[in-house]
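The values are calculated or read from the model by the stated rules, or taken from the named source; none is laboratory data. It should be emphasised that the depicted structure is a prediction, and the values quoted were computed from it without experimental measurement. All Cβ positions, glycine included, derive from the backbone under ideal geometry; neighbour counts span all protein chains shown.
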Amino acid sequence: MSKQYDDMIYMERPVSKRHAPMSRIERAAQFSPFAALTGYDAAIRETQRQTEEKITLGEDCAALLDQKIQYLQQHAKEHLKVKVTYFVADSKKRGGTYLEQEGIFKRVDLDRKALIFTNQTEILLKDMIALDFLEKTDPAFS
C-alpha cells in the first residue's frame, strides 16, 4: 500500500474563517435527489390512472329508467329519497368514472334535462345509468 497520504490522516478538518459551519440539514440538502424531468412523475401517474368507458343502456334498461323518472315527477311532493348512479367524463383523457349520489328528489328540470335534489345537486339525465328508491315506492320498481 502506498504511504503517500499517511501524513493527512492525523490532520484536523479545515474550518473556514469566512463561513459558519453548515447544519446537518443544510449538508443533507446538497445531496437530495434532483428532478431532472420536472413533471415526469405526475405524467406517469396520470398515464396509470384508470378510466371507464361510458355504458350505453339497452332499450329495456332505458325504458325502466324513464319509468322511474316519471314516477319521481308524479310523486315529487313526497320528497322521495333516491340513489342515482351516473357517469362523469374525465377532463384529461378518454372515458370517465361512475359516481353515486344519494339524496332527496326535488324535481326534473326539463330545460336542462337534469334531475335535481333538494341540496341543489344536479345530474344530467343522459349521464344516469341507474336510479334506486331508498324508501317504499311502487312495487313495480322493487
- Any idea how many residues of segment 4-59 are among the small types (Gly, Ala, Ser) and either part of a helix (DSSP H, G or I) or within 30 Å of LEU99 (Cα to Cα) (or both)? 6
- Task: Being among the aromatic types (Phe, Trp, Tyr) and more than 26 Å from the chain's Cα centre (by Cα) is the filter here, so list the residues in segment 9-44 that pass it.
- Result: TYR10, PHE31, PHE34
- Message: Kindly evaluate HIS79 against the criterion of being within 19 Å of LEU125 (Cβ to Cβ) and not aromatic (Phe, Trp, Tyr).
- Response: no
- Message: Can you tell me which condition TYR71 does not meet? The list is (1) touching a strand residue (DSSP E or B) at 6+ places or on another chain (Cβ under 7 Å); (2) farther than 30 Å from GLU46 by Cα; (3) in contact (Cβ under 8 Å) with a residue 12 or more places away in the chain; (4) surrounded by 14 or more Cβ atoms within 10 Å (Cβ to Cβ), and all the others hold.
- Response: (1)
- Taking GLN73 and the conditions (1) over 30 Å from ASN119 (Cα atoms); (2) modelled with pLDDT of 85 or more, which numbered condition does it fall short on, given that it satisfies the others? (1)
- How many residues does segment 41-63 hold that are of a type in the set (Gly, Ala, Ser) and modelled with pLDDT of 85 or more? 3
- Message: Which of the numbered conditions does THR47 fail, given that it passes all the others? Conditions: (1) within 30 Å of the chain's Cα centre (by Cα); (2) among the polar types (S, T, N, Q); (3) surrounded by 13 or more Cβ atoms within 10 Å (Cβ to Cβ).
- Response: (3)
- Message: Looking at segment 66-81, can you tell me whether even one residue there is out of contact with any helix residue (DSSP H, G or I) (no Cβ under 9 Å at 6 or more places or on another chain), of a type outside the set (A, V, I, L, M) and in a loop (DSSP other than H, G, I, E, B)?
- Response: yes
